[in-house]
Amino acid sequence: MRDVKVFDRLFGEGRHAVRVEGHFVHGSAQVGGRPVAVIGTWDAAAVNGDVALAVSRAVLNVVAEDAAASPRPIVFIADTQGQELSRREELLGLNGCFAHVARCVDLARRRGHTTLTLIHGEAVSGGFLAFGMLADRVVALPDAQVRVMDLRAMARVTKIPLERLQTLAVDSPVFAPGADNYSRMGAVHETWPHAAEDWDVRLTAALAAAEAGPRSDERA
């Protein structure tokens, strides 16, 4: 189980009301003295339809609550091992649930909500792509692991020998897992070093950078 004290380090003790319910994170906080909504996944969640719909519902609630007010920034917490790998979830339309999450994030952006993702723990495959990678700015916390597909799984799917993929991963960030490689590709905007203690200060700066950036996603 991840240590929920990470929220105290990010937002400051007593300056947030973030709750963890199973693998779902939601609540409110203060960043730089301003209110933000906090939504995401927790404890290496295998994102199923229920979690995906909980995330999308939370995003829609924020959009509705701020319809007549200044739209709050949304801070996404991404901690997921990817989508739940089960026949049941596939038959129930997990792909449609993920598409719904993406549409909700797009709606929030078009309604003026700045979005910022904090990768805590793991960010893998569809569980990350559906909301975390869609944010205006993506930050990897220390020890964050980012990947779309494990090299062993990639070898099985592509029929390329694992040894060949490992060789390619040395020089090409497209094949290699890790937050640094995703930063090289432009999908992660910043990675925080292990020695960083001023998480609240860095978070305030990251949110300001997200707000100052383009209002459309210009990443490749």
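The values are calculated or read from the model by the stated rules, or taken from the named source; none is laboratory data. All figures in this text were calculated on a predicted structure; none of them were measured in a lab. Note: ideal-geometry Cβ built from the backbone for every residue, glycine included; neighbour counts use all protein chains shown. What goes into the accessible areas is simple: the full protein's heavy atoms, side chains included, and nothing from ligands, DNA or RNA. Shrake-Rupley method; radii C 1.70, N 1.55, O 1.52, S 1.80 Å.
Structure values in brief
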quantity	calculated
Residue check for Val20: open to solvent by 30 Å² or more (accessible area, probe 1.4 Å) and in contact with a Phe, Trp or Tyr (Cβ under 7 Å, 6 or more places away or on another chain)	yes
Enumeration of residues in region 50-90 that are open to solvent by 10 Å² or more (accessible area, probe 1.4 Å), at pLDDT 95 or above and touching a Phe, Trp or Tyr at 6+ places or on another chain (Cβ under 9 Å)	Asp50, Val51, Ala54, Ala58
Count of residues meeting criterion [of a type outside the set (A, V, I, L, M, F, W, C), under 20 Å from Glu90 (Cα atoms) and in contact (Cβ under 8 Å) with a residue 60 or more places away in the chain] in region 21-52	1
Selected residue (only one of Arg152, Arg156, Arg164 is modelled with pLDDT under 85 and either in a helix (DSSP H, G or I) or closer than 21 Å to Gln83 by Cα (or both))	Arg152
Meets criteria (surrounded by 16 or more Cβ atoms within 10 Å (Cβ to Cβ), among the β-branched types (Val, Ile, Thr) and free of Cβ contacts under 8 Å to residues at least 60 places away in the same chain) for Val148	yes
Number of positions in region 155-179 that are surrounded by fewer than 17 Cβ atoms within 10 Å (Cβ to Cβ) and either more than 26 Å from His194 (Cβ to Cβ) or of a type in the set (A, V, I, L, M, F, W, C) (or both)	13
Check on Ala58, touching a Lys or Arg at 6+ places or on another chain (Cβ under 9 Å), touching a residue at least 24 places away in the same chain (Cβ under 8 Å) and not basic (Lys, Arg)	no
Any hit, region 113-130, residues being charged (D, E, K, R) and assigned to a loop (DSSP other than H, G, I, E, B)	no
Residue selected from region 193-220 under the condition in a loop (DSSP other than H, G, I, E, B) and under 18 Å from Ala179 (Cα atoms), by the criterion modelled with the highest pLDDT	Pro193
Selection within region 1-20 - in contact (Cβ under 8 Å) with a residue 12 or more places away in the chain, more than 19 Å from Ala135 (Cβ to Cβ) and not small (Gly, Ala, Ser)	Met1, Arg2, Val4, Arg9, Arg15, Val20
Restricting region 180-192 to residues that are in contact with a Pro (Cβ under 7 Å, 6 or more places away or on another chain) and either among the charged types (D, E, K, R) or not in a helix (DSSP H, G or I) (or both), the residue that is surrounded by the most Cβ atoms within 10 Å (Cβ to Cβ)	Trp192
Close pairs (7 angstrom Cβ cut-off, 6 or more residues apart or separate chains): in a loop (DSSP other than H, G, I, E, B) in region 72-93, open to solvent by 50 Å² or more (accessible area, probe 1.4 Å) anywhere	Arg72/Pro35
Qualifying residue in region 116-123 (condition: under 20 Å from Pro214 (Cα atoms) and in contact with a helix residue (DSSP H, G or I) (Cβ under 6 Å, 6 or more places away or on another chain))	yes
Residue check, Val138 within 29 Å of Pro35 (Cα to Cα), in a helix (DSSP H, G or I) and modelled with pLDDT of 90 or more	no
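So that you can scan it fast, the table gives a plain yes or no per residue for (1) touching an Asp or Glu at 6+ places or on another chain (Cβ under 9 Å); (2) open to solvent by 20 Å² or more (accessible area, probe 1.4 Å):
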residue	(1), (2)
Leu92	no, yes
Arg109	yes, yes
Leu116	yes, no
Ala130	no, no
Ala140	yes, no
Ala144	yes, no
